[in-house]
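Here is the structure we will look at.
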Amino acid sequence: PPPSALLIDESDATLRLLQRQLHALGLRTETATQGARALELLTQQHFDIVFVDVELGPASELDGLALCNLIKKARRAQPPFASASSALPRVVIVSERVSTTDRVRGALAGCDDYLPKPPDDEALSRCLRRLDLLPGIEPMRRRRSRDGVPTSGPMPLGPALPDVTDATPAPDASASRP
């Protein structure tokens, strides 16, 4: 079966846009406008990925960061979501808040990725490839650039770059001088 996604946002327009984008990429979707409904859906069925806005409005008792944190804590405890044998969903924050501080808050809550709202088709595709959820397309692999900075993207076609994390540091030439 195709991957399934739970979309959580207080905006019906945003939910429709994300639904249309994800359906075009071959994913099945369910939607919720509040945290309580999202938790209910998560206990009833398995989702491969959850897209959640940080702000879910005054009617929701949980915001997106708290919801993300609950899902991630379930990985370390007895999972309340779907079945204990299924993997818990990945969580992607989709928000208008895209400052470095907001992204750090998302990372601390445990999100697997953070997308600006509304996400464009290419950003959404890249996110799904990074998380190995885009059907029919080989996932993007983590690699290191020539300066050792981790990057995402397809592997280079030329000779493989050395993995700098496994490299033994060269001896300090000045240390061997008398």
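The values are calculated or read from the model by the stated rules, or taken from the named source; none is laboratory data. In this text the structure is predicted, and so the values were computed from the model without any measurement. Positions of Cβ are generated from backbone atoms using ideal geometry, with glycine treated the same way; all protein chains shown enter the neighbour counts. Calculation scope for accessible area: heavy atoms of the full protein, side chains included, ligands and nucleic acids excluded. Shrake-Rupley method; radii C 1.70, N 1.55, O 1.52, S 1.80 Å.
Of all residues in the stretch 84-107 being assigned to a loop (DSSP other than H, G, I, E, B) and closer than 23 Å to L128 by Cβ, which is modelled with the lowest pLDDT?
Looking at the filtered set, the residue picked out is S86.
Restricting to the stretch 88-107, and then to whatever is open to solvent by 50 Å² or more (accessible area, probe 1.4 Å) and over 13 Å from the mean Cα position of the chain (by Cα), can you tell me which residue is nearest to I71 (Cα to Cα)? Give the steps one after another, and end with the answer.
Let us first name the residues in the stretch 88-107 that are open to solvent by 50 Å² or more (accessible area, probe 1.4 Å), namely 90, 96-101, 103-105, 107.
Adding the requirement that they be over 13 Å from the mean Cα position of the chain (by Cα) leaves 96-101, 104-105.
Values: E96: 22, R97: 21, V98: 22, S99: 23, T100: 23, T101: 21, V104: 18, R105: 15 Å.
So, considering only residues that are open to solvent by 50 Å² or more (accessible area, probe 1.4 Å) and over 13 Å from the mean Cα position of the chain (by Cα), the one nearest to I71 (Cα to Cα) is R105.
Between L65, L22, which is in contact (Cβ under 8 Å) with a residue 24 or more places away in the chain, within 21 Å of D102 (Cα to Cα) and either buried (at least 16 other Cβ atoms within 10 Å of the Cβ) or under 19 Å from the mean Cα position of the chain (by Cα) (or both)?
So the residue among L65, L22 that is in contact (Cβ under 8 Å) with a residue 24 or more places away in the chain, within 21 Å of D102 (Cα to Cα) and either buried (at least 16 other Cβ atoms within 10 Å of the Cβ) or under 19 Å from the mean Cα position of the chain (by Cα) (or both) is L65.
Mind checking whether some residue in the stretch 69-79 is closer than 17 Å to L115 by Cβ, at pLDDT 90 or above and open to solvent by less than 70 Å² (accessible area, probe 1.4 Å)?
no
What strands (runs of 3 or more DSSP E), lying completely within the stretch 4-60, carry at least 3 residues that are among the aromatic types (F, W, Y), in contact with a Leu (Cβ under 9 Å, 6 or more places away or on another chain) and more than 13 Å from L128 (Cβ to Cβ)?
Counting at least 3 such residues, we get no strands (runs of 3 or more DSSP E) at all.
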